[in-house]
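Data first, discussion second: the structure below is written as structure tokens.
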Amino acid sequence: MSIQGNIPPKLAQKLLQWFLKDELLEEVTGDLEEKFELDQETYSLSKARRNYWFQVINYIRPFAIKRSKNSITMMKIGIISSFFKVGYRNLLRHKSFSLINVSGLALGLICFLFIFLWVREEMSVDSFHSKSENLYVIYRNQDADGSVQSSFSTPMRWNNGYHIVVDDMEEAIPEVKNKAYYATGYELPWGYPKTFRYGDKKFKLEGSRASEDFFKVFDYQVIAGDQETPLSDVSSMAISRKMAILFFNSPEEAIGQTLNYEDKYDFQVTAVFEDVTDRSSLQFQYLINWESQMKRLEWSSDQVLTTIELQDGADPQIVAAKLDNYLQSRLDENEDFEDHIGLYPFDQKYLHSTFVNGIPADGLISYMKIFSWVGVFILLVASINFMNLTTARSIKRAKEVAMRKVVGSNKLYLIGQFLCESILIAAVAMVLALGAVALLLPIFNSSLNKSISFPMLDYQFWTICVGLIVLVGFVAGSYPALYLSSLRPIQSLKGLIRISKSSIWFRKGLVVFQFSVSIVLLVVTIFITRQTDYLRSKNLGYDRENIISFRVEGTINSSYEVFKNRLLSMPGIAALDRGSEEPQAMGFEVSKPINWQGKDHEVGFKPSSVGYDYLDLMGLEVVEGRGFSKAHPSDSGAFMINEAAVKQMAIDNPVGKWISAWDKRGKIIGVLKDFHSSSLHEPIKPVILDVKEDLYFGVVIVKTKSGQTEEALASLENIYKEMNPNFPLDYKFMDAAYNNMYQTEMVMGKLSNISALLAIVISCLGLFGLAMFTAEQRTKEIGIRKVLGATVNQLIGLFSKDFLLLVMVAFLVALPLSWYLMKQWLESYAYHVDLSWWVFAVAGLASLLVAFGTISFQSVKVALSNPVKSLRAE
Amino acid sequence: MKETRLGEFEEVLLLLVGILNEEAYAFKIAEEFKNQSGRNVSIGSVHSTLDRLKDKGFLTSEMGEPTAERGGRRKRIYSITAIGKRALEQSRDFKVNLWNQYPELALNKLKILGIK
């Protein structure tokens with residue numbers, strides 16, 4: 001009956017053995033095992049394991065639990081409830097302390113919960129596919145002369161049209177059960193939203209292309225039409241529910257209808273799928289069949305994402321090796337570069353999008369790790385607050401403890417008492433934090449561009465919340481509990497209690513730790529903010545203010561001259577020209593097709609074609625030779641390159657030498673000053689420009705007169721509607737498009753700002769509490785000092801000195817750590833701000849000032865108080 | 001003094017013990033309960049109720065012979081005692097009595113007897 005020797009969860013068995021009466025053990029483990037095997041047969045192993053836990057936990061009943069004299073389980077419920085009652089009264093009695101404790105902890109929890117929700121959301125991307133465990137994507141390493149290019153894509157070769165080299169892999173490799181190709185239709189370098197028309201409805205929408213078995217491999221749910229292979233025909237397409245409603249009012253009515261694509265082809269809707277969720281890394285409004293992708297549609301890139309569904313139990317590494325062998329056997333041996341493929345889990349692709357040494361390794365996952373640590377540290381800082389305050393207050397409670405001991409309480413009960421109190425505080429803080437999270441979630445979502453919902457019905461989330469309460473309660477309560485319960489009753493009752501040196505050091509150590517964390521976070525957030533500002537405001541070598549762009553499509557190319565001249569005469573338009581790409585998004589790179597006079601090595605170029613006025617329009621600077629001009633008829637065959645190209649080609653006096661791109665050959669007439677043609681993560685690459693004013697693709701770039709954007713847009717829309725009626729106008733502002741490239745940085749910036757702020761506030765709350773406590777302790781001392789003639793300033797100095805020293809020590813601890821962290825981070829950008837020393841100084845000074853301000857609340861109050869009052873008692 | 005009345009769950013379990021006879025041990029009883037009532041119940045809660053019924057004297061139990069299917073572990077087989085049986089009968093009679101007094105049934109009875 002037993003299946004493959006699967007055994008119930010070990011930990012649950014241990015737990016059962018621990019609490020269950022020995023005489024019941026045999027029958028109960030037997031019963032539960034039978035249940036486990038039955039569940040395994042009827043449902044699944046994981047469900048059986050979960051149910052086993054459920055059953056074990058349900059055995060925690062009075063009749064079944066071991067009786068033993070020393071066990072905590074024996075502690076009477078009455079005692080525990082009295083712990084909570086006393087704890088509750090204590091909370092109420094010391095309102096300000098409780099307030100500081102609870103609010104500090106709540107702030108820490110809020111931060112932790114937000115980070116947790118965010119990390120969990122990102123982690124869950126792509127995990128919703130039911131075959132997730134068997135889905136793998138192909139990644140590819142192209143090695144040309146030692147420079148490796150890695151990407152999630154599939155090798156293709158030209159042979160009367162492009163072919164995917166391992167197209168028939170299912171036949172060659174039996175472990176491959178199914179495969180799905182996917183190619184985006186709207187992403188860089190050449191993708192864009194496509195225009196669809198039905199009757200007089202026309203919309204631009206972002207979609208992709210996918211192969212026949214796409215819907216079999218993935219769980220994108222088909223809600224109407226062909227469930228199995230909707231994309232098998234060359235004229236077929238599947239659209240989302242949203243798109244179906246947009247054009248046809250309902251998913252059902254959409255089936256069988258024909259949509260016109262880009263004024264070129266007609267596609268028939270064969271299926272409608274449910275709108276793609278945010279938890280999918282593949283985003284598309286529609287999918288067009290694969291035959292069209294390979295034979296007639298334009299590509300947005302040459303990258304095809306291949307997802308393979310493996311047979312159950314197949315070893316992905318073995319399959320990957322077989323795949324690579326298969327690929328090699330089908331490639332031409334004389335190729336001058338090597339092409340290798342490997343497999344990577346599909347649901348990990350989103351988090352590990354960056355390749356290190358040819359293997360997907362880095363990416364969003366490193367931000368996840370960093371912020372998980374930040375969350376843990378902030379929670380730790382908040383717990384430390386709590387620990388610190390409770391210990392500091394211990395003297396107040398020393399008498400209570402002593403009384404309890406005299407009356408007969410043992411140490412275990414006292415520890416229980418204090419732990420219950422801290423768990424109570426943690427629970428109150430958690431309730432507050434949950435409320436705040438629920439309230440602030442919409443703001444959080446909108447600033448991070450996410451749609452996380454409050455996990456009301458998610459038992460995992462609630463388990464974690466309860467777990468956190470217990471954990472924080474224990475961590476924060478353990479030191480005070482152990483410390484207070486070990487006080488000697490006679491001394492405390494006599495009022496002789498002295499705080500030991502070690503406990504003072506311990507508390508100081510905690511303050512130092514708190515402030516170190518705060519200062520590190522502060523430094524980090526300043527650098528992230530500075531770097532993000534730098535990215536946004538960096539002089540890229542061209543203008544991006546007042547520039548709008550839109551695609552060349554429909555009749556724009558054929559009537560370009562008329563279109564240009566008419567627009568130039570309209571109000572608000574300053575200049576206009578065209579290019580094959582926008583200058584900030586040149587994603588295409590080639591090396592083979594570019595040759596030049598005296599070429600002796602390959603150089604990767606970004607080729608681009610522009611209009612005659614392009615250089616003036618974008619404000620690109622010519623450092624040598626001249627720019628393109630209609631006055632020189634031969635310029636239609638001429639080229640310009642940038643400084644980086646000159647350097648990498650290693651030639652002197654480039655102007656006048658010949659250069660060729662594919663089969664076009666001409667003279668270099670000028671050298672452009674370097675400009676940033678892609679994200680600032682990358683160094684500037686060589687660029688080669690020529691003039692082409694008759695390309696059917698590309699962008700039109702319009703410069704508006706400053707302050708007249710609205711007039712310009714109105715002019716544009718009028719003319720566009722008249723001259724290109726089959727396409728809706730879809731323009732974008734270049735500065736916004738540029739900023740969009742740094743989405744991740746902006747999110748990180750926001751998260752780190754909030755974290756740093758919270759860490760500082762929490763640390764200060766702790767400091768405030770400690771200062772308050774010290775003030776109380778030293779009332780008499782200060783009274784006497786005052787009577788003897790100390791001035792207010794001296795007293796404030798005396799009072800603040802100790803604390804400020806701690807902050808300074810914290811600064812020294814934080815300095816090397818934050819320096820190292822920031823050096824690492826900034827080096828991931830080819831262009832970044834300096835690691836200036838003053839940032840560290842500012843962070844240190846700021847925390848010192850904030851700490852001083854916090855302490856001053858107390859110190860000023862103490863210094864100004866009337867000594868008569870403080871000395872009168874006794 | 002021990003409570004000797006039967007709760008609803010207790011009554012059902014007693015009946016199931018009678019029905020399952022030789023196979024009446026906690027896991028089987030829980031499964032049978034699920035099959036018959038459609039309600040899920042944990043083995044622990046069944047076990048705890050059986051234990052209570054034993055305390056009340058309605059059930060006895062003894063360990064069965066070891067079998068191979070559960071790693072050689074023995075089962076605790078429950079069986080109804082005479083008192084248990086009597087308690088069940090009392091409970092049934094009590095309810096039948098009540099049903100007989102229920103207006104519709106009473107009327108029907110009158111009809112059958114030919115009295116209007």
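Computed on the Cα trace of the stretch A:132-350, the radius of gyration divided by the Kirkwood hydrodynamic radius gives Rg/Rh = 0.99. Cross-link partners of A:LYS721 among aspartates and glutamates, defined as those whose alpha carbon lies under 12 angstrom from its own and excluding same-chain residues fewer than eight positions apart: A:ASP730.
How long are the semi-axes of the ellipsoid equivalent to the stretch A:506-620, from square roots of 5 times the Cα gyration tensor eigenvalues, in whole Å, largest first?
Working: eigenvalues 443, 121, 27 Å².
Taking √(5λ) for each Cα gyration eigenvalue gives 47, 25, 12 Å.
Within the same chain, aspartates and glutamates fewer than 8 places from A:LYS66 are excluded, and of the rest, those with a Cα less than 17 Å from its Cα are A:ASP22, A:GLU23, A:GLU26, A:GLU27, B:ASP51. Centroid-to-centroid, using Cα positions, the stretch A:251-271 and the stretch A:646-660 are 51 Å apart. Within the stretch A:440-516, the ratio Rg/Rh, alpha carbon atoms throughout and Rh by Kirkwood, equals 1.24. Here the Karplus relation 6.51 cos²θ - 1.76 cosθ + 1.60, evaluated at θ = phi - 60°, turns the backbone of the stretch A:559-573 into coupling constants of 10, 4, 4, 4, 4, 4, 5, 5, 5, 4, 7, 8, x, x, 8 Hz, with x for every Gly and Pro. Each Cα pair of chain A feeds into the Kirkwood radius, which the Stokes-Einstein equation turns, at 10 °C and 1.306 mPa s, into a diffusion coefficient of 48 µm²/s. Rounded to the nearest Hz, the phi-derived 3J(HN,Hα) couplings of the stretch A:580-585 under the Karplus curve 6.51 cos²θ - 1.76 cosθ + 1.60 (θ = phi - 60°) are 7, 9, 6, x, 8, 10, where x marks glycine and proline. Annotation note: trypsin sites (Lys or Arg not before Pro) in the stretch B:54-90 located in DSSP loop regions with a Cβ neighbour count of at most 16 within 10 Å are B:ARG74.
In chain B, what is the volume of the convex hull around the alpha carbon atoms, normalised per residue and reported in Å³?
Convex hull of Cα atoms, per residue: 142 Å³.
Bridgeable lysines around A:LYS396 (alpha carbons under 26 Å apart, same-chain partners fewer than 8 residues away excluded): A:LYS85, A:LYS95, A:LYS405, A:LYS411, A:LYS494, A:LYS501, A:LYS508, A:LYS780, A:LYS786, A:LYS801, A:LYS861, A:LYS869. Each residue of the stretch A:86-93 was assigned a 3J(HN,Hα) from its phi angle through the Karplus curve 6.51 cos²θ - 1.76 cosθ + 1.60 (θ = phi - 60°); the sequence is 4, x, 4, 5, 4, 4, 5, 5 Hz, with glycine and proline shown as x. Cα gyration tensor of the stretch A:131-239, axes a ≥ b ≥ c as square roots of the eigenvalues: rounded (a/c below 1.5), prolate (a/b > b/c) or oblate? Oblate, because a/c is 1.5 or more while a/b does not exceed b/c. Between A:TYR88 and A:ASN445, the simple label model (points 7 Å from Cα in the Cβ direction) yields a spacing of 3.6 nm.
Report the label-to-label distance for A:GLN708 and A:ILE318 in nanometres (one decimal), using points 7 Å from each Cα along the Cα→Cβ vector. A separation of 7.2 nm, rounded to one decimal place. Total lysine pairs in the stretch B:1-81 at Cα distances under 23 Å, for residues eight or more apart or on different chains: 9. Amide H to amide H, with H built 1.01 Å from N, A:SER591 comes under 5 Å of A:PHE605, counting only residues 5 or more places away or on other chains. Model label sites at A:PHE852 and A:LEU38, defined 7 Å from Cα along the beta-carbon direction, differ in position by 7.4 nm.
With kT/(6 pi eta Rh) evaluated at 37 °C and eta = 0.692 mPa s, and Rh the Kirkwood radius from Cα pairs, the stretch A:547-736 diffuses with a coefficient of 189 µm²/s according to Stokes-Einstein.
Return one quarter of the surface area of the convex hull spanned by the alpha-carbon atoms of the stretch A:10-73, equal to its mean projected area, in nm².
On the way: hull surface 17.5 nm².
Value for the stretch A:10-73: 4.4 nm².
A dipole drawn for the stretch A:707-781 from +1 and -1 charges on Cβ atoms has a positive end, and of A:LEU758, A:LEU716, A:ALA775 the residue lying farthest that way is A:ALA775.
For chain A, what is the calculated [θ] at 222 nm in deg cm²/dmol (nearest 500), taking -39500 (n - 2.57) for each run of four or more DSSP H residues and dividing by its residue count?
Values: 27 runs with 438 residues, N = 874.
So the helix-based figure for chain A works out to -16500 deg cm²/dmol.
With kT/(6 pi eta Rh) evaluated at 20 °C and eta = 1.002 mPa s, and Rh the Kirkwood radius from Cα pairs, the stretch B:35-84 diffuses with a coefficient of 172 µm²/s according to Stokes-Einstein.
Quick note: the coordinates plus some simple rules give every number you see, no bench work behind them. If you're wondering where the values come from, they're calculated on a predicted model, not measured in any experiment. Ideal geometry is used to build each Cβ from the backbone, glycine not excepted, and the neighbour counts take in all protein chains shown.
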